[in-house]
Amino acid sequence: MNYLTANNISKTVGEKLLFQNITFGLEKGQKSALIARNGTGKSTLLNILTGRDTPDSGSVVIRNDITVSYLPQMDNFNENDSVIENLFNEDTPIVQVVKEYETCVTLLEQGLHDRVPQPRMDHAVLEMDRLNAWDYEAKIKEILSRFGIDNIFKNVHELSGGQRKKTALAKTLIADTDLLILDEPTNHLDVEMIEWLEGYLSSANITLLMVTHDRSFLDNVCSDIFELSNGNLYHYKGKYDYYVEKKAERLANESAEYERLRNLYRRELEWVHTSPQARTTKARARINNFEKLQEQMNRKVEAAPEAFKVQSERIGHKILEISHLDFAYPDQTIIKDFSYIFKRGEKCGIVGKNGTGKSTFLKMIMGEVKPDGGKITPGLTIQFGYFSQNDFTYPGNKIVLELVKEHAEVIRMNNGNYISAAQFLNHFGFPFKQQYTYYEDLSGGERRKLHLLITLLKNPNFLILDEPTNDFDIDTLNLLEDFLTNFEGCMIIVSHDRWLMNKLVDHIFVFEGNGNIKDYYGNYTEYRAAKDKAMRLQKRIEKAQREPEARPKPNRPADKNKLTFREKKELEALEAEITALEQEKTQIEAKMSAGEGSAGDFAYWGKRYAEIEPLLNEKSMRWLELSEKV
């Protein structure tokens, strides 16, 4: 069943052609990614598909009986409304009743009982029952909890940029929709939140089209890829590795075809210059074909990037030593008694939830923040290259090339050759024409990329990179990945890009909170698998140690409980069922141990015991899941 069809869509902005006569469709259940370089029209195409922009030509057809939800790069919230008003601004009965129920529960949790008289709460519960809205409310509760949206009465204009993005994403996800269109949904999310969103979208029964530069996220959610390149749209029915392989084949074929056309053009050009004015029909046809050939030669041909390896400064035996480091804010311990000695060529990743002190740790290494205790001692030959998230400003009235030349006119390659600053910029996505753009006219993403390039071209031997991949397109990420893979110095990188971390790092510092930093040897995927295994083991141990009479009772005061009405009833029933099953299991074990009973008794007891064990496991896991919400 076709949900969306785009027919011969074209769009030009100013003098720049974004795409021309592109046609594609989305089938029910299809989950696709749209990738392209920055500035080539990805967001414009999504706006056209959702009716927020109009194409120069062509049409978009969406089935009349489906609903569409769209997460744009910039939200369209009403600044004077609260979070809950913006989240539930759809005028449908189920949305309005959930909004009322959530309002009542939140007011009670805040102790404002006078604003929620018992009849109001009872009516909200009855309406939830009447519309069978409990599953929808549970979905909303989970999403709001995952995104840390707890103050739903706060005005939108008081939110930070990251909070606004999370609120906009939550609003999009809680909508009961058939077709979901997302523009960079992982921006401003930490790794754990990205992984939750990844699992949610993978299992959701929806049709999905999203723009993303997160290659792991793309690979785990989408089954096919659309690529927008040089005004054309290419469709790859496979995961990211398949896309990379088939794109390389396409570029090779296009390069061979371009070389064939160039040779033909050279021969035809020679004929045109040496032949007299065409008077015969045959000669005139040949000239017409030559003019068409000229148009083909003017068409851009994308080339595969070449290897790029810069010579870094020599590094001595002593690299960086961290000894008994301590640091805390008045209300939070960031680092507690941490020591580590870096070795030559070491590449270290850092992961942890937002706010656990990852950026603060980097600033301490760079001397921008003074530790409370301990010391950090760099080697005499160490030359740091530090890429921070926000601390970069350059004169707005200087052009890009001029800013780069202030740091290096030429860059020495690893093979001993030199390239110019202009060639360096061109390799990383600043075409020669754009190099004469003023810094103040660059976009936020382009400014970040320029700051990163200036950091790299200083030839450091110890790179410290704080979220270097934000706002970069996939082509730039691949170039950066190749560069850092070939980098021979030391490196510390903080990133939520799991694909990049898996490719680069030897080990990971895990910021667990409360000042604890764990060193795990392996890449991010290996660390995550080990963590999941440890969590499963811990749950099994806790379950084995739990005795029936010592089973903890969840503390569920009415004004603190975050369970839905239905979940409260389920939790109460589970407690009774688990206790009864465990008592029955104990009785059967006692009877079998006593050795008394007939063969039929033992057969029945064995069969029943085998039934109880998996049933008990299932109900215990569900009890744990619900009790964690309390």
(request) Please work out how much accessible surface residue 245 shows to a 1.4 Å probe, ignoring ligands, DNA and RNA, in Å² rounded to 10. (result) 100 Å²
(message) Suppose the chain between residue 5 and residue 573 were pulled fully straight at 0.36 nm per residue; how much longer would it get relative to their current alpha carbon spacing?
(response) 199.6 nm
(message) Straight-line reach from residue 458: which aspartates and glutamates fall under 16 Å, measuring Cα to Cα and dropping same-chain residues less than 8 apart?
(response) 313, 402, 406, 409, 488
(request) Report the label-to-label distance for residue 377 and residue 113 in nanometres (one decimal), using points 7 Å from each Cα along the Cα→Cβ vector. (result) 6.2 nm
(request) Kindly provide log₁₀ I(q)/I(0) values, in the same order as q = 0.18, 0.21, 0.22 Å⁻¹, from the Debye equation applied to equal alpha-carbon scatterers of region 4-108. (result) -0.98, -1.15, -1.21
(message) Less than 18 Å apart at the alpha-carbon level, and either on another chain or at least 8 residues along: which aspartates and glutamates does that give for residue 405?
(response) 440, 446
(request) Kindly flag which residue pairs out of 591/619; 165/533; 16/247 have an alpha-carbon separation exceeding 30 Å in this structure. (result) 165/533
(message) Normalised by the empirical 2.2 N^0.38 Å for globular proteins, what value does the Cα Rg of region 338-426 take?
(response) 1.43
(request) Which order do the peptides 174-180, 110-116 take when ranked by the mean count of other beta-carbon atoms within 10 Å per residue, highest first? (result) 174-180, 110-116
(request) Identify the residues of region 318-344 with backbone N under 15 Å of a label point that sits 7 angstrom from the Cα of residue 370 along the Cα-to-Cβ direction, or state none. (result) 326-328
(request) At a 1.4 Å probe radius, which order do 471, 56, 466 fall into by accessible area, largest first? (result) 56, 471, 466
(request) Arrange the peptides 188-194, 324-330, 43-49 so that the one whose residues have, on average, the most other Cβ atoms within 10 Å appears first. (result) 43-49, 188-194, 324-330
(request) List, in the order given, every pair from 154/358; 139/531; 99/141; 28/99; 343/375 whose Cα-Cα distance in the structure shown is over 23 Å. (result) 154/358; 139/531; 28/99
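The values are calculated or read from the model by the stated rules, or taken from the named source; none is laboratory data. The structure displayed is predicted, hence computed values, not measured ones. Reconstructed Cβ throughout: ideal geometry from the backbone, glycine too, with neighbour counts over all protein chains shown. For accessibility, only protein heavy atoms count, side chains too; no ligands or nucleic acids. Shrake-Rupley method; radii C 1.70, N 1.55, O 1.52, S 1.80 Å.
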